[in-house]
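Comments concern the structure below.
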Amino acid sequence: MKKTKTIIILVTIAVLFLVSMYWLYSKNIEDPVVYETEKPMMGSVVKKTVATGSIVPKEEVLIKPNISGIIDEIFVEAGEVVKAGDLIAKVKVVPNVSSLNSAKSNINSVRTQVETARLAFENQKNIYNRQKELFEKGVISANEFDTAQLSYDQAQQRLKQEQVGLVAANQNYDIVKTGTTSGMGSSANTEIRATVSGMVLDVPVKTGNQVIESNNFNDGTTIATLADVDKMIFEGKVDESEVGKIKEGLPLEITVGAITDKTFDAELDYIAPKGVDENGAIQFEIKGTMKNLDTTTTFIRAGLSANASIILAKAENVLTIKEALVQFDPKTEKPFVEVMIGDQKFERRDVELGVSDGIDVEVKSGVSKDDNIKVWNQLKPAQTMSGR
């Protein structure tokens, strides 16, 4: 019995020894890890953030009527280029009964004042003539004659003023009734003219539409929108997480969705001091003036959606490496790379980094363009089912 146990123990030890030897052999024949390397390259690194928005004119002018009425005729269409003073539309006045009655009542009142002034003038004229005859005969003094002449001149002046007021009252009545009057010429209220030169962007009214005059209590009805399409700006919004990185004067690269394979230069010249809550995120409005815009070769329509790349930092013709090659010391958190010094032998090199775009990073010092840098986090090839 003891002999059988001894044999079993010896066999077990022999099997364990053989398994151990096979495991060591398998480990020895495994391929060692071979690290790949990459060389630094000369290039440019641009750090930027992107804002979405649209292209709009720098200034838009809204043409509004000076009198209420109905559009009688429109002379322009959207897309036409007009000059200051060009006729845009005509308005047919629909008299307001209350205003018409008020203007008519004012005429009657002024007529009464004119008649009163005329009677006073006739009376002073008769007195003046009598005093003149007496003065010439030496009956009255020069002082009494001067007083009579002064009263006569004053009565004559008052009559002229009342007559001018009657003319103005009649003109006001004509304007209330028809929108114009004799002597107004091209300044007639019924003629709506362009106040600036530019392109007609929109004509929101049609013939027969009712329009309201622009006054202190009402903005009035817009008849046309004019703008200089040679002066366009980018208008967009950036998130609060990015607004702290930008400042006025930074360059912009504008890409328009409807115009492929072309970018436009601009300069950031406005950042809103107050953000607006949109869908739970605070957005800040920005504006950038577009530069060297040639509308003869590329016409940008107002309102086109666009993206603006805001250039935060830029390094041109510098030594760059992939940011994935950089490692950081766990204690000092300083960046370093591993440079090959022999066959699969590497040494640590501390580096000074510059501008990064998230993929490539500028290397200011620590490596040269001839160094081979270790790809320390390279992916291992996926094992197939048969290789398991």
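Here is the figure for segment 63-104: residues that are within 17 Å of residue 173 (Cα to Cα), at pLDDT 80 or above and in contact with a Lys or Arg (Cβ under 6 Å, 6 or more places away or on another chain) total 1. If you go through segment 302-328 and keep only what is in contact (Cβ under 8 Å) with a residue 60 or more places away in the chain and part of a loop (DSSP other than H, G, I, E, B), you end up with 302, 303, 304. So, in segment 258-279, of the ones that are not acidic (Asp, Glu) and not in a loop (DSSP other than H, G, I, E, B), which residue ends up nearest to residue 240 (Cα to Cα)? Restricting to residues being not acidic (Asp, Glu) and not in a loop (DSSP other than H, G, I, E, B), the top hit is 276. Scanning segment 132-149 for residues that are under 30 Å from residue 196 (Cα atoms) and free of Cβ contacts under 8 Å to residues at least 40 places away in the same chain turns up nothing.
Figure legend. Inter-residue proximity from segment 75-86: first residues on the phi < 0 side of the Ramachandran plot and surrounded by fewer than 11 Cβ atoms within 10 Å (Cβ to Cβ), second residues hydroxyl-bearing (Ser, Thr, Tyr) and part of a loop (DSSP other than H, G, I, E, B), beta-carbon distance below 9 Å, spacing 6+ or different chains. Indicated pairs: 83/197. Taking segment 335-365 as the range and being loosely packed, with under 11 Cβ neighbours inside 10 Å, more than 38 Å from the chain's Cα centre (by Cα) and either touching a residue at least 24 places away in the same chain (Cβ under 8 Å) or not in a strand (DSSP E or B) (or both) as the test, only 343 passes. Counting residues in segment 46-59 that are under 18 Å from the mean Cα position of the chain (by Cα) and charged (D, E, K, R) gives one or more. Looking at 148, 169, 142, just one residue is buried (at least 17 other Cβ atoms within 10 Å of the Cβ) and over 57 Å from the mean Cα position of the chain (by Cα), and that residue is 148. The conditions of being in a loop (DSSP other than H, G, I, E, B), surrounded by 14 or more Cβ atoms within 10 Å (Cβ to Cβ), in contact (Cβ under 8 Å) with a residue 40 or more places away in the chain and of a type in the set (A, V, I, L, M) are not met by residue 200.
Restricting segment 33-84 to residues that are among the β-branched types (Val, Ile, Thr) and in a loop (DSSP other than H, G, I, E, B) leaves a set whose member that is nearest to residue 201 (Cα to Cα) is 76. Restricting attention to segment 286-301, the residues that are part of a loop (DSSP other than H, G, I, E, B), of a type outside the set (Val, Ile, Thr) and in contact (Cβ under 8 Å) with a residue 24 or more places away in the chain add up to 5. Just one of (1) outside any strand (DSSP E or B); (2) under 30 Å from residue 263 (Cα atoms) fails for residue 331. It is (2).
Would you mind stating whether residue 60 is loosely packed, with under 13 Cβ neighbours inside 10 Å and among the charged types (D, E, K, R)? The answer is no for residue 60. Applying the criterion of being farther than 16 Å from residue 229 by Cα and among the small types (Gly, Ala, Ser) to the residues of segment 60-82, the residue that is farthest from the chain's Cα centre (by Cα) is 69. Test residue 257 against the stated conditions and say whether it is closer than 13 Å to residue 307 by Cβ and surrounded by 17 or more Cβ atoms within 10 Å (Cβ to Cβ). Answer is no for this residue.
The values are calculated or read from the model by the stated rules, or taken from the named source; none is laboratory data. It should be emphasised that the depicted structure is a prediction, and the values quoted were computed from it without experimental measurement. We place every Cβ from the backbone using ideal geometry, glycine too, and count neighbours over all the protein chains shown.
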